[in-house]
Structure formats: structure tokens, C-alpha cells
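S.K.: One structure coming up, written as C-alpha cells, with questions to follow.
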Amino acid sequence: MASRVYRLIGSKNTQLKHSIVRSQIQLVALGAFGAAMAAILDWKLLLLFLVTVLYVVILALRRDAAIPFFLMVSIFTEQLEEFIPVGSYFLSPTRALLIVQFVYLFFLARFPRPLNYFRQYLFITVLFLAWSLASVFISPDMTYSLGRWAFLASFYFTVCATYVIMRSCDPLKSLTKLFKVWYFTAVSISFVAVLQSLLNWLPEWYRIKWWQNYRLLFGLEFYRPIASFQDPNFLGTFLACSFVLLLLLPERLLGVGRSFKVLAVIFVACGLLLSNSRGAFVALFLALLLYPVMGLGLRFKAVLSSSVVFLVASFPVLLTLVLDVSKVLPIVSLFDTPEASGVSRMIIWFSVVALVLKHPLFGVGPGNIITFGKGSLVDFVPSYIQEHIDAMASHSSYLEVMGQSGVPAGLLYVFMGIYVIFSLYWSWHGSSLESRFDGRLAKGVVRAVGSSVVVLLVCQAFLTYFAPFIAVLIGTALFIADLNVKPLQCRGKGE
């Protein structure tokens, strides 16, 4: 480590080198002392301490690996959201890394001047968060709503952190490391998902029920895997996005040959199929359907993709406003799963839209969708189903935001997603990216990231999900969009 620091500083002063060695020894000693104390107190604190210290070292010495490390930790530890209770809140490995990022960005980092697209996205984000914060004050439980607002704000903080950290490093190295880690993570998650499903096909006395939710695949009953995620639909969202990235990205950015890339795509497809997430299937279908339009020009793709995402995001609202619930439910039940998840989702959509019509300006406050008695707002629904609906989320991120913070916040949220796609494709001029990469590699990056963002935005129309990996991909898309506008200079360490 010390030799790496010598190269970074480029100093030949012996006294300075000795000083660096002493600081490295002090850092190791401090880390060993902290680890010993954490081990005495609690193994959870030890794990949290080690992950946090490792991230601090990466930020200091290999900044281009910081976002890939954050991505991997957030995905593999998603089920540890309630890891360590702190009062009425919880501390998890991902939240610990967010705190490190917050300290780094606001006290240690040199902020690059935002370029066109990120500056405008940041302006829209501030408006959205300000309006959502205003809705906290009309909540019956302000403390709870403030915590949910902070969770939403951390999502957009991750977007900004991704952009700023990647801006401070070499573009090609940053993107290559990010996509290599994404490749490794997607294959690992797919392996765990397939293994879980295989174990669930064992005889009953050996079977491990990872998830109490089953579907039929080619006439065989199987339990849907969750891997390291909290829900099979969350797993399906990640794997659908990963499928598009691995399929469309050039092999050079993944760091593997064509044969390994094909095997990885097949493996991820198997995990996606076993997750059996219908929203992920729809999102993947639309993204691949839009991909051939690239031949007509990326700016045409910007308009078309943005329009498709807007229509899909508006689908729950348009459906509930145009059709009657008594006519929709019988049709949905014909194609529903054994646990009637489609019918439940339709009832929730009708309930949340009715809630929005009653509270159009500021909603009912962040997080209150799952506590508000919304089941009784829909006619022709039995009372026992109404009680079940009251405790469920809206199964649509767009409806969730609109119901908890009002119509203006919902419109801003939809516009932010559309703006990411539009800026990524509209910014394409070719010459700027091609000055760093060759032309095929540059256009491959834009197409792959743009298509994966389409997958994520369509998936959010069918589930409520604000995961860190979504924020990382959005920040990467904005970074690439501004990379097209003006050359960036590498100011990171260790490049």
C-alpha cells in the first residue's frame, strides 16, 4: 500500500516516505483496535466497521473502485436493512457507506462544476424533494414520515454521489470497473437464485422454503427465489436490468470473452425466468423492442423511449380513471396467478388513485400509503380483502410518490426518469465519447445503459422499489450524458 502511495505522490523525499509509512502503520493499528473492540461488543458492529473502513480506504486510494464496491455491498446486503437498531431507525452496511459518501462529498471532495444535463437533473431533484418534504408536515406521524422522506432523499443522494465520484476519475476506467463488478454480481445472484429453486424441488422433508410464494413453470410448481433481495420482484428487476447490460455491452467493458459473456447472459436469463416477475418481463420486452429503433438515430430513440416510459408510468392512473373496477377485476382474474396477486394489485391501484383524488396537492405524507385505510375506497371489494389492501404498498413507484406527496411530486418524479433517458440519447454527438473510446465501444455504452434505464423505469410502474443499484445506474447515465458534452479531465487518485 505504501508503494502505491509513493507512486501517487511521486515524491523522492525519504523523510516524507517515512512519514507516509508511519501513517499507514497508525491506520492499520487503529483498524485493528476498532475491529477488536467491535468484536468484543457485537459481531454486527465488527462487520459494519470492516466494511466502512474498507470503503474509506478505497475512496482514498482507488476512487474509481468506490462506486463498484458500493454497488456490490448494497446488492448482497439488501436483506440486512434492519441490521442494527438505532432508536426508531436502523443502521445497515449500505447506510453506513452512504454516511461515508456524505462526509466525503461535503467535506473532502472537490466538486466538479456540473455540466448541462446533471445540473438540470439536480434542479428538478431539489424541487421534488422540497415538495415531498412539505408533505411531511401534513402527516399524522411526522417522525415516521420524516424518516421515509430521508430514505427517499438518500436515493437521490446516491445518484449525485455516483456522478461526482465518477467525474473525478478516468471515464474508461470508471465505467470498466463498474461493469465488471456488475457482471460478477449478476452472475453470482443468478447462481444463488438457481440454487434456491433447485433446493426447493427436493423432496418435502429436504425442501428449504426460501420464499412462501409459488408459481407454475412448464407445469412444475416451484418456489420463487429471492437470492439476496427482499422480494422475487426485486430480484427480477435487477436481473432484467443486468440481462440488458450484459447482452448489449461490448466484451471489453465486461472484461470477459464472448463465450463467457454468452454463458453469463444465459445464466442471468435463467434466474430472471425463475423470479417470474411479470413486471420485469414486460420491461425487458419493451426495452428489446425499442432497441432496433437505434438504427433510425439516437435522438429519435430519445423521443420514442421517453414517450413509452411516460405511457407506462401513466398506465395505472389511466386504467383506473377510464375503467370501472367491477369490469376490470373479472378480466384480470382470468389470467391471474394462484395467489391472486394481479387482482390485489388492481384493487390497490384503484384505492391509491381514489386516495390521490381526495388529497391531490400534498398526498397523505411519506410512508403513509401502507398505513392509510385505502381498501374501503373501492366498491365491490369484500371487507376481509379491504383489510389486506390497507397494509400493502401501491405496487407502483409512480403511484406511491403521487399518493404520499401529491400530484405535483408525482409528475416531477415521472419527469426525472424521462429526463435521464432523454439526456442520455439526445446528448449523443459521437465525437466526445469517441475521443476516449473507439466508436463501436462508445455507442455500445450509450445503447446498453439507455436500454437498462428503460427497463428500470418500466419496472417501477409495477412495483414500489427505490434500490441503490437503480440510483447508481441513473448517476452513471447522467455521467455518460455529460461525457458527450465536454471532455473531462481525470483528477482521481491512482489512475
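Just so it is clear, none of the values below were taken in a lab; they were calculated from the coordinates. Keep in mind it's a predicted model, so treat the numbers as computed, not measured. Here the Cβ is made from the backbone with ideal geometry for all residues, glycine too, and neighbour counts use every protein chain on show.
S.K.: Order by neighbour count: TYR163, TYR156, fewest other Cβ atoms within 10 Å first, most last.
M.R.: TYR156, TYR163
S.K.: For LYS301, LYS177, LYS261, which order do you get if you count the other beta carbons within 10 Å of each Cβ and list the fewest first?
M.R.: Arranged by neighbour count, lowest to highest, LYS301, LYS177, LYS261 become LYS261, LYS177, LYS301.
S.K.: Given the peptides 164-170, 284-290, 465-471, arrange them by the average over their residues of other C-beta atoms within 10 Å, most packed first.
M.R.: 164-170, 465-471, 284-290
S.K.: From the Cα gyration tensor of region 44-84, with a ≥ b ≥ c the square roots of its eigenvalues, which class applies: rounded if a/c is under 1.5, or else prolate if a/b is larger than b/c, or else oblate?
M.R.: Note, shape of region 44-84 comes out oblate.
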